[in-house]
Every structure is written in C-alpha cells, then in structure tokens.
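The values are calculated or read from the model by the stated rules, or taken from the named source; none is laboratory data. Owing to the predicted nature of the structure, the values given are computational and were not obtained by experimental measurement. Every residue, glycine as well, gets a Cβ built from its backbone with ideal geometry; the counts of neighbours run over all protein chains shown.
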Amino acid sequence: MYWFVRERLVLMRGQGAAYDERRTAIVEAVFALVDAGGVEQVSVRRVADQAGVSIGRVQHYFPTKDDLLHAAFAAINELGAQRVQERADRDRPADVLRAVLTVLIPQTEDDRRLFRIQQAFETHALTSAELGAQVKQGYRELAGLFTLLLGGPGHEGEAQELLATSVGLAALVLNDTMTSAEAEVIVRRRLS
C-alpha cells in the first residue's frame, strides 16, 4: 500500500478545533463512500449527504472532487504512517522490519476497511497521473526503508522482494484467500 508517502493532511491553524473536526468528518465521509463503492462514488454532493452537511460546507473545505480525493489520500497515508510508527519503535533493524511488514497485513476489521480504501485509491491512481506519482513515490520510500533495514546499499533487490511480498500478502488476506495468521507465518519465514 502507499501509506508511506510523506505528504500530510495539512490542517489550517488558527481556525480552531471545530474547523479541524468538520474537515476530518468530511474526509471520513469520503472514506465511507470509497469503502462502499469505490472512488467513482465520490462527488461533492454525495460527500455532503454522507457527512450530513451542506454542499457549500464541503466546498468551503474542498472546492473540487479532486481536492476531496487528494485530502482523503493524504489522510489514509497519514493513518498508515501512524500505525507503522507505533510498531516501529524497536532497537534492532530486524525487529523494525518485522513490525513494519506485519502492520502491512490487515489484522482487524478496521485494518481491512483501511486496506479496502487504500486499494480503491491505488486502482484510481492507475488513471490519475498525480495520484499515480504519489503511489510510486510511496512504494519507493517503502523500498528505501526496507533497504536501510536490511543493511543499506546492495540490498535493493531484497527490499523490492519484501515489498512485493507484503503487497501480495495484504491482497490475499483482504480477499480471504488466506488469514492474517497465515500471512504472518510467511513474513516470519521470509525474514528468517
């Protein structure tokens, strides 16, 4: 997944907590629509209905559908980065690598929801040059992290292999081809 894009959802400061809360509620409405039917379901009107606000309120925060999608994309990346950071506070590179790889496998129903939303954005990115570039950058950054954790330069091939393995395992868990426990066994076996 492309959680590792460094772009952050930038919230305007000085507007107060209510501003941030309304903006977050609108982004959550985008998540709900994407999870239910894909990126194609997102429109300013549908987001307003889902969030229980007026179209004008949505447009105040996000003037266009593209603005909505970019904010939601940045927010899903931020959520993923937070999940990785929570698990990556380890001393040994091998422990950090194991933690990062296991966080890339959906464990809970909330994980599955986030992964479905990520997959929908990733599919949309195939036809959106700007989002596509962000997805590629995210994958490059993740492979770079794996390279560092594996020992630095000279381990790029292994890093790419781990990246492909983690993406594939996540998809297999998401479509119920295997359980998260089975995927974690593969990760542990690959790392040993």
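Just for the stretch 55-73: of the residues that are in contact (Cβ under 8 Å) with a residue 60 or more places away in the chain and over 20 Å from GLY16 (Cα atoms), which one is surrounded by the fewest Cβ atoms within 10 Å (Cβ to Cβ)?
Pass one, the stretch 55-73, residues in contact (Cβ under 8 Å) with a residue 60 or more places away in the chain: 69-71, 73.
Subset that is over 20 Å from GLY16 (Cα atoms): 69-70, 73.
Details: LEU69: 21, HIS70: 18, PHE73: 30.
The qualifying residue surrounded by the fewest Cβ atoms within 10 Å (Cβ to Cβ) is HIS70.
As a summary of the residue check, ASP35 satisfies the conditions (1) out of contact with any helix residue (DSSP H, G or I) (no Cβ under 7 Å at 6 or more places or on another chain); (2) among the charged types (D, E, K, R); (3) at pLDDT 90 or above; (4) within 30 Å of ARG98 (Cβ to Cβ) except for the one numbered (1). Of all residues in the stretch 47-62, those being assigned to a helix (DSSP H, G or I), of a type outside the set (S, T, N, Q) and in contact with a helix residue (DSSP H, G or I) (Cβ under 6 Å, 6 or more places away or on another chain) number 6. Scanning the stretch 101-124 for residues that are part of a helix (DSSP H, G or I), touching a residue at least 40 places away in the same chain (Cβ under 8 Å) and more than 13 Å from the chain's Cα centre (by Cα) gives LEU101, THR102, HIS124.
Could you tell me whether any residue of the stretch 173-180 is within 15 Å of the chain's Cα centre (by Cα), surrounded by 13 or more Cβ atoms within 10 Å (Cβ to Cβ) and within 24 Å of VAL39 (Cα to Cα)?
Of all residues in the stretch 173-180, those within 15 Å of the chain's Cα centre (by Cα) come to 174.
Those left that are additionally surrounded by 13 or more Cβ atoms within 10 Å (Cβ to Cβ): 174.
Of the ones still in play, those that are also within 24 Å of VAL39 (Cα to Cα) are 174.
Scanning the stretch 173-180 turns up at least one residue that is within 15 Å of the chain's Cα centre (by Cα), surrounded by 13 or more Cβ atoms within 10 Å (Cβ to Cβ) and within 24 Å of VAL39 (Cα to Cα).
From the list GLN50, GLN85, the lone residue that is at pLDDT 90 or above, over 17 Å from GLY132 (Cα atoms) and of a type outside the set (Phe, Trp, Tyr) is GLN50.
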